[in-house]
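Reading through the structure tokens given below for one structure.
The values are calculated or read from the model by the stated rules, or taken from the named source; none is laboratory data. Worth saying up front: this structure is predicted, and the values here are computed from it rather than measured. Positions of Cβ are backbone-derived with ideal geometry, glycine not excepted, and every protein chain shown enters the neighbour counts.
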Amino acid sequence: MSLLFAMFGFSLAMSITPGPVNMVIVSSGVSHGFGRTMPFVSGATIGFTLLLAAIGFGFYQLLELYPQFLKYLAVVGSAYVIYIGCRLAGAVGSIDIAESARPRFHEGFLLQWLNPKAWVACVSGVALFSRPESHASLITFVSIYFLVCYASLAVWALAGDRVRLLLGTEARVRIFNMVMGGLLIGCALYLLYLQFFGQ
């Protein structure tokens, strides 16, 4: 039972804390509302869960053989996060904006596979909760993480939806989006800095 609590606690801590995906979700919740943000939430949850499973069931050994892969991923992933941040910063404040501006399922999925925070969470979780003699522990961990991740990201979408009511005007929503986009770009640059100069 204590192992299940540890898995739950790890999953919650990694899912609920701010990161690139959470920033996109809260900003989308502000601009588009809860319901229209949920496809992105679903994509991000499924993308993360599949990444966790892939690392747990074999990719982890590949990372040990080629540790430089994470540095290359940091560059590509940070570039994609900066792109998403620029899109957020330029988003208008109207709920009636074009559908094409709304974050989509595939973007949530892709963002997790290019998100350095997601890779760190997966590698750390696999190292902590997988057992070489059996896959049962890893399957349990992946299942718990899916549920916790989905609920945590949905909470961020709901928070964004509620913040929209507080902001009140399109001009304030636009400022909020600019701040969130700037934070996302800053987060990506910081992750890049840690990869190359943080050692």
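Residues of the stretch 121-161 that are charged (D, E, K, R) and in contact (Cβ under 8 Å) with a residue 60 or more places away in the chain: D161 alone.
Which residue out of A136, A157, A151 is more than 17 Å from E64 (Cα to Cα), of a type in the set (G, A, S), under 16 Å from the mean Cα position of the chain (by Cα) and surrounded by fewer than 16 Cβ atoms within 10 Å (Cβ to Cβ)? Write out each step before concluding.
Values: A136 fails: under 16 Å from the mean Cα position of the chain (by Cα); A157 fails: surrounded by fewer than 16 Cβ atoms within 10 Å (Cβ to Cβ).
Result: A151 is the single residue among A136, A157, A151 that is more than 17 Å from E64 (Cα to Cα), of a type in the set (G, A, S), under 16 Å from the mean Cα position of the chain (by Cα) and surrounded by fewer than 16 Cβ atoms within 10 Å (Cβ to Cβ).
Counting only helices (runs of 4 or more DSSP H) that sit completely within the stretch 1-70, those holding 1 or more residues that are at pLDDT 90 or above correspond to 2-16, 20-32, 34-54. Within the stretch 112-129, can one find any residue that is among the hydroxyl-bearing types (S, T, Y), in contact with a Gly (Cβ under 9 Å, 6 or more places away or on another chain), within 19 Å of F48 (Cβ to Cβ) and modelled with pLDDT of 80 or more? Looking for residues that are among the hydroxyl-bearing types (S, T, Y), in contact with a Gly (Cβ under 9 Å, 6 or more places away or on another chain), within 19 Å of F48 (Cβ to Cβ) and modelled with pLDDT of 80 or more, one finds none in the stretch 112-129, hence no. Evaluate the stretch 94-110: report whether one residue or more is in a helix (DSSP H, G or I), at pLDDT 80 or above and surrounded by 24 or more Cβ atoms within 10 Å (Cβ to Cβ). There is at least one residue in the stretch 94-110 that is in a helix (DSSP H, G or I), at pLDDT 80 or above and surrounded by 24 or more Cβ atoms within 10 Å (Cβ to Cβ).
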